[in-house]
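Inspection log for the structure reproduced underneath, given as structure tokens.
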Amino acid sequence: MNWPEFHHEAMATTFAIVIADHPRDYARQAAAAAFRELDRLESELSRYVESSDIARANRLAAGETISIGEDALHVLLIAADASLATDRAFDAAYASERFPDQPADAPLFTLDPAAHTLTAHTARLHLDLGAVGKGYALDRMAAQLGEWAITTACLQSGGSTALTLAAPAGHTGWPIGIGEDVTHRMLTLTDIALSGSGIAVQGTHLIDPRTGAPSPRATRTWALAPTAALSDALSTAFFVFSEEEIAAFCAAHPEIGAASAVSSTQLNAHGALARYPAIASI
């Protein structure tokens, strides 16, 4: 496979786009447009950019409200849905400071989609989209490629999340790796996203929002989902889930796949991921 591949640094990682079935110069222009969209999203969603919607939200006092843009609203709604579905195993506001008498299940912020506003309800709101923002950016970048009539592409963020579009001509899909050591396998994916979470790069950094303590898991987890934003959020939730919780979640959501590297020789797979022949053979 000798298709053009393009790279861009943003959101503290390297994004990559591989485009098939198009002239290299045209593919380069389309990738540049997608990367411009990525830069725009970083300026609106990064908590490190003082003028971003997320940074402004994090400066709110309890009861204060701000207007936010379309992208901040959409990614926060995705995060809220993921938090609800996982019983807060994923929570973009987990590091916020609650009032001493604030119930554990009380919302830390609320959104008004019609008015495009966000209101803080805690002593110090701390929104961090690190576990969903990159996936959301991949989804938006894919939409930008669609504006250029490019439908055969594979987009990745830092090697942790891959979003596959249609298969290139003559191929059944895009090869994406999963597993570790002897359990490593290559999957052939189309029109779906796969994200992985672990501690190999940043050390013990994934907090279980339900307990406030680092996850005891030491091996990677993966999530297969229709969108990169959702797979990004769910791979984080699966990292703090127990094996039983992962299995139960996939049983309740058959369109979702999950895998966890239990050891160097054992890969547990659930839901949609368990149905891939390359994993079923492990």
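The values are calculated or read from the model by the stated rules, or taken from the named source; none is laboratory data. Fair warning: this is a prediction, and the values are worked out from it, not measured in the lab. Cβ: placed from backbone, ideal geometry, glycine included. Neighbour counts: every protein chain shown.
Points worth noting:
- The condition (being under 20 Å from the mean Cα position of the chain (by Cα), assigned to a strand (DSSP E or B) and buried (at least 16 other Cβ atoms within 10 Å of the Cβ)) is satisfied by just one residue among Gly196, Gly177: Gly196.
- Within region 31-43, residues that are farther than 10 Å from Gln144 by Cα reach partners that are surrounded by 13 or more Cβ atoms within 10 Å (Cβ to Cβ) and charged (D, E, K, R) with beta carbons closer than 7 Å, at six or more positions or on different chains, in the pairs Leu41/Asp71; Leu41/Arg140.
- Failed condition for Pro103, given (1) surrounded by fewer than 18 Cβ atoms within 10 Å (Cβ to Cβ); (2) in contact with a Leu (Cβ under 9 Å, 6 or more places away or on another chain): (2)
- Qualifying residue in region 200-210 (condition: in contact with an Asp or Glu (Cβ under 8 Å, 6 or more places away or on another chain), under 30 Å from Gly63 (Cβ atoms) and not acidic (Asp, Glu)): yes
- Qualifying positions in region 251-278 - out of contact with any Leu (no Cβ under 6 Å at 6 or more places or on another chain) and in a helix (DSSP H, G or I): Ala251, Ala252, Gly271, Ala274, Pro277
- Test: residue in region 206-228 that is crowded, with 24+ Cβ neighbours inside 10 Å and assigned to a helix (DSSP H, G or I): yes
- Residue that is nearest to Thr236 (Cα to Cα) [pool: residues in region 106-144 that are small (Gly, Ala, Ser) and exposed (fewer than 14 other Cβ atoms within 10 Å of the Cβ)]: Ala106
- If you filter region 261-282 down to residues that are surrounded by fewer than 23 Cβ atoms within 10 Å (Cβ to Cβ) and small (Gly, Ala, Ser), you find that the one that is farthest from the chain's Cα centre (by Cα) is Ser281.
- Residue selected from region 239-250 under the condition in a helix (DSSP H, G or I) and of a type in the set (Phe, Trp, Tyr), by the criterion surrounded by the fewest Cβ atoms within 10 Å (Cβ to Cβ): Phe249
- The lone criterion from (1) loosely packed, with under 14 Cβ neighbours inside 10 Å; (2) under 27 Å from Ala131 (Cβ atoms) left unmet by Phe35 is number (1).
- Residue in region 242-256 that is within 19 Å of the chain's Cα centre (by Cα), polar (S, T, N, Q) and closer than 17 Å to Asp208 by Cβ present: no
- Residues (surrounded by fewer than 24 Cβ atoms within 10 Å (Cβ to Cβ) and of a type outside the set (Val, Ile, Thr)) located in region 146-155: Gly146, Glu147, Trp148, Ala149
- Per this entry, Ala85 is counted among residues that are under 30 Å from Phe15 (Cα atoms) and surrounded by fewer than 20 Cβ atoms within 10 Å (Cβ to Cβ).
- Unique match (being on the phi > 0 side of the Ramachandran plot and modelled with pLDDT under 95) among Arg98, Arg88: Arg88
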